[in-house]
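Notes follow once the structure below has been shown.
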Amino acid sequence: MMRSDQTRTDTCEAHGPFVAHNRIGNLWTRCPACGAEDEARRVAARQAEALARDAVLLEQRIRTSGIPERFKDRTLGTFTAGSEAQKRALAFATEYAEGFDSVLESGRSALFVGRVGTGKTHLAAGIALHIIGKNHTVLFTTALRAVRRVKDTWRRDSDETEAEAVAALVSASLLVIDEIGVQFGSDTEKMILFDALNGRYERRLPTLLLSNLGVEDVKTCLGERVFDRLREDGGQAIVFDWESHRGQKSPKP
């Protein structure tokens, strides 16, 4: 225990004179400025370690999210919006991502429809990357892969049960399904998508659907029941009706 009645003046090579206190015997306190600097270094080291761990976890969440490799660097900030329609699409995506806590409370879904190469997947990836950075979970898939994942569980040698496959589609904070309309659209496939989307609907979990079809064609593809659930809780359809950016001299994803 420190004996406060014994002090002496010592000199620190870095900070000059300071008052040292005797702790016990020949043990005296060291320069307080040096102690503060050492503590600051320890705090900085702990913060750096925490940031490094967070970066590793973020990379793991992105890697396991299913976001296509080509789109893993497509943030909302790298989307170039020139026309008013593009600005509206970007504004919606930004509001959706930044207000995702409110989106989760309501389960508000969205539908991006329109021409190929207009940035639907870019903005969806931007939303996904933003909310992953806020510790939410994302599953990014295509309609065909989602259906195939469930169908694959019907094999005798499957490592996953049908319930587990559907649960994977239902459980993520945000489910992004690209290429709606590419699947064959059989009754079985519609039922698989209905089971997944209805499970999310019941749990108030949002879904973001992407399609090169028009709104009415998407409605036909998904079926009335699924489409009605997507429209509830403020669900919106965003139309991407500008020219494709692909193949231009300065491509805009």
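Say we look at segment 120-160 and pick out the residues that are open to solvent by 10 Å² or more (accessible area, probe 1.4 Å) and of a type in the set (G, A, S); which of these is nearest to S171 (Cα to Cα)? Across segment 120-160, the extreme among qualifying residues is G133. For segment 210-221, the count of residues that are buried (at least 16 other Cβ atoms within 10 Å of the Cβ), at pLDDT below 85 and farther than 25 Å from I131 by Cβ is nonzero. Please tell me if R53 is closer than 30 Å to V176 by Cα, surrounded by fewer than 12 Cβ atoms within 10 Å (Cβ to Cβ) and either in contact with a Ser or Thr (Cβ under 6 Å, 6 or more places away or on another chain) or charged (D, E, K, R) (or both). Considered against the rule, which asks whether it is closer than 30 Å to V176 by Cα, surrounded by fewer than 12 Cβ atoms within 10 Å (Cβ to Cβ) and either in contact with a Ser or Thr (Cβ under 6 Å, 6 or more places away or on another chain) or charged (D, E, K, R) (or both), R53 comes out as yes.
Quick one: would you say V116 is β-branched (V, I, T) and closer than 22 Å to E232 by Cα? Judged against the criteria, V116 is not a match.
Within segment 194-203, none of the residues are polar (S, T, N, Q) and open to solvent by 50 Å² or more (accessible area, probe 1.4 Å).
Tell me whether segment 45-54 contains one or more residues that are free of Cβ contacts under 8 Å to residues at least 12 places away in the same chain, of a type in the set (D, E, K, R) and within 30 Å of L175 (Cβ to Cβ).
yes
What are the residues in segment 42-84 that are in contact with a Pro (Cβ under 9 Å, 6 or more places away or on another chain) and of a type outside the set (S, T, N, Q), if any? Passing the criteria: R70, F71, R74, F79. Look at L111 and say whether it is of a type outside the set (F, W, Y) and buried (at least 18 other Cβ atoms within 10 Å of the Cβ). Criteria met by L111.
Check segment 163-173 and report whether any residue there is of a type in the set (D, E) and touching a residue at least 12 places away in the same chain (Cβ under 8 Å). Checking segment 163-173: not a single residue is of a type in the set (D, E) and touching a residue at least 12 places away in the same chain (Cβ under 8 Å).
Among the listed residues T64, T80, identify the single one that is under 18 Å from G133 (Cα atoms) and of a type in the set (S, T, Y). Residue meeting the stated conditions: T64.
A Cβ distance below 7 Å, combined with a sequence gap of six or more or placement on separate chains, defines the contacts here; from segment 208-231, residues that are on the phi > 0 side of the Ramachandran plot reach residues that are of a type outside the set (S, T, Y) in the pairs G223/K190; G223/F194. In segment 80-92, the count of residues that are on the phi > 0 side of the Ramachandran plot, open to solvent by less than 70 Å² (accessible area, probe 1.4 Å) and in contact with a strand residue (DSSP E or B) (Cβ under 9 Å, 6 or more places away or on another chain) is zero. Restricted to segment 1-106, the set of helices (runs of 4 or more DSSP H) holding at least 1 residues that are under 30 Å from D233 (Cβ atoms) and of a type in the set (K, R) comprises 32-65, 84-98.
Of all the residues in segment 169-193, those that are buried (at least 17 other Cβ atoms within 10 Å of the Cβ) and in a helix (DSSP H, G or I) number 6.
The values are calculated or read from the model by the stated rules, or taken from the named source; none is laboratory data. Being a predicted model, the structure only gives us computed values, none of them experimental. Cβ: placed from backbone, ideal geometry, glycine included. Neighbour counts: every protein chain shown. All accessible areas refer to the heavy atoms of the entire protein, side chains included, with ligands and DNA or RNA removed. Shrake-Rupley method; radii C 1.70, N 1.55, O 1.52, S 1.80 Å.
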